[in-house]
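> One structure is given below, represented as structure tokens, and several questions about it will come after.
The values are calculated or read from the model by the stated rules, or taken from the named source; none is laboratory data. Bear in mind the structure is a predicted one, so any value in this text is a computation, not a measurement. So basically every Cβ, Gly included, is an ideal-geometry build from the backbone, and we count neighbours across all protein chains shown.
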Amino acid sequence: NEHGGKTWHFDDTPSSPSPVAIICVSTPVSAGGTPNVSHVRQAARALSGTMPDRCLVITRSTVPIGTTRNVVLPELAKSGTRFSLAYCPERTIQGQALRELIELPQVVGALDRESAEAAESFFRRLQVRVVPISSLEAAEMVKLANNCHTDLIYGYGNEIASIAEGYHLDPLEIIRAANAGYPRPDLCKPGFVGGPCLTKDPLLFAHSARERNYRPYLIKQARALNAGLPGRFAKQMFAMLQSAGIQLAQASVLVCGIAYKGSPVTDDMRGAASIPFIRKISQKVRSVWAHDFLVKPSTLCEIGARPVSLQQGFRLADAVVFLTNHPDYEKLDLLPLLSRSRRPLVYLDAWRMHDARPELMQPGILYGGLGFVRKGFE
């Protein structure tokens, strides 16, 4: 693989002994939420056959609590050599990883004092601030707590939007007013929670809780609420189309922003809101068109949409839906697009990027966001 002007070679097994080995592999979950740590086990097993004496092994994968001690440690012990073992979670955001590897504090939990000193010394050589923690398990829980917190705070913003919708209130107006000059933690805007981590890690955390006979409530409810948001947004679009006098069976919809997030930009589709959203609306409307600046046209076809340019999509659509806040969508010149679009037009902007655009306040355009429909449609 070539990336950033460098060529990287990947081997299935370690080719030569190294004094430091890092395990950073995926930990998928089943449809029922059961973690699969086989990749972690296989990586540890491969290391045990090649690592030199006194090797420092660092696990960075997001794992259920106890995995480093109960899965990694027994595999490494089969080597018969001395080693140090630490869990040091990787907490970077996709698209900013290289910068955040240096900027973010590094939590270090270790098997013993010698392992802690080795891991702390390794990260300090990278000029990273180290945050020591008492055990492997405590460090594993830090990563799960961080990612579940993101799911929770977005879930609360989404719940505010759902309640506001029932009262025909603007959730963004309420959240902005609640945050204005108020010293307590900010309320998050409503929005989709996607990606390979934030949709999976709450299930890992919930599994860990059940392993100790505790049934988590908040984690489970937030995940269910956020997972159901694409379907709820689809129902909102159906209602807006009907309000505009457009028959669902004859409607054409343009969906923009197919990757799981818009900023930092990515073409990653894992956990993307677009997948359940397009699946839901395809059952009701005549045609679904899709646009994304990075996702390949073949991928758009695979999820049940027809690739299209923005210009053509606006001309064809009875409803235009933005699912992500990609920076190129934020700065779109809407006038030429809207001048050729149909009327009436339903315009759904999940992240409210174009909320204040005067072009969207003209007659015949029904504008909305998550849990919000602008009044005054003519």
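> So residue 361 passes all but one of these: (1) free of Cβ contacts under 8 Å to residues at least 24 places away in the same chain; (2) in contact with a strand residue (DSSP E or B) (Cβ under 7 Å, 6 or more places away or on another chain); (3) surrounded by fewer than 20 Cβ atoms within 10 Å (Cβ to Cβ). Which condition number does it fail?
(2) is the only condition that residue 361 fails.
> A follow-up question, please. Kindly list the number of the only condition in (1) in contact with a strand residue (DSSP E or B) (Cβ under 9 Å, 6 or more places away or on another chain); (2) under 30 Å from residue 267 (Cβ atoms); (3) of a type in the set (Asp, Glu) that fails for residue 151.
(1)
> Condition first: in contact with a Pro (Cβ under 9 Å, 6 or more places away or on another chain), in contact (Cβ under 8 Å) with a residue 24 or more places away in the chain and not aliphatic (A, V, I, L, M). Now tell me which residues in the stretch 207-225 satisfy that. Steps first, answer last, please.
Here is the first cut: in the stretch 207-225, the residues in contact with a Pro (Cβ under 9 Å, 6 or more places away or on another chain) are 207-211, 216, 219-220, 222-223.
Subsequent filtering for residues that are in contact (Cβ under 8 Å) with a residue 24 or more places away in the chain retains 207-208, 211, 219, 222-223.
Correct list: 207, 208, 211, 223.
> Among the residues in the stretch 11-26, are any part of a loop (DSSP other than H, G, I, E, B), acidic (Asp, Glu) and at pLDDT below 95?
In the first step, residues of the stretch 11-26 are kept if they are part of a loop (DSSP other than H, G, I, E, B); the result is 11-19, 24-26.
The next check asks that each one be acidic (Asp, Glu); those that pass are 11-12.
Keeping just the survivors that are at pLDDT below 95 gives 11-12.
Yes, that holds for at least one residue.
> Kindly indicate which of 220, 235 is assigned by TED's automatic domain parsing to the domain that holds residue 152 and part of a helix (DSSP H, G or I). Working first, answer last.
Values: 235 fails: assigned by TED's automatic domain parsing to the domain that holds residue 152.
Just a single option satisfies the conditions, and that option is 220.
Per-residue answers, yes or no, for (1) without any contact (Cβ under 8 Å) to a residue 12 or more places away in the chain; (2) over 14 Å from residue 350 (Cβ atoms); (3) part of a loop (DSSP other than H, G, I, E, B):
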residue	(1), (2), (3)
245	no, yes, yes
254	no, no, no
258	no, no, yes
266	no, yes, yes
301	yes, yes, no
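> For the stretch 48-64, give me each residue that is more than 13 Å from residue 82 (Cα to Cα) and crowded, with 22+ Cβ neighbours inside 10 Å. Spell out how you get there, then give the answer.
Residues of the stretch 48-64 more than 13 Å from residue 82 (Cα to Cα): 58-64.
Listed by number, the residues that qualify are 58, 59, 61, 62, 63, 64.
> Got a sec? Which of 81, 68 is touching a helix residue (DSSP H, G or I) at 6+ places or on another chain (Cβ under 7 Å) and of a type outside the set (A, V, I, L, M)?
Working: 81 fails: touching a helix residue (DSSP H, G or I) at 6+ places or on another chain (Cβ under 7 Å).
Of 81, 68, the one residue that is touching a helix residue (DSSP H, G or I) at 6+ places or on another chain (Cβ under 7 Å) and of a type outside the set (A, V, I, L, M) is 68.
> Then there's this: Within the stretch 290-299, count every residue that is in a helix (DSSP H, G or I) and more than 17 Å from residue 270 (Cβ to Cβ).
Selection size over the stretch 290-299: 1.
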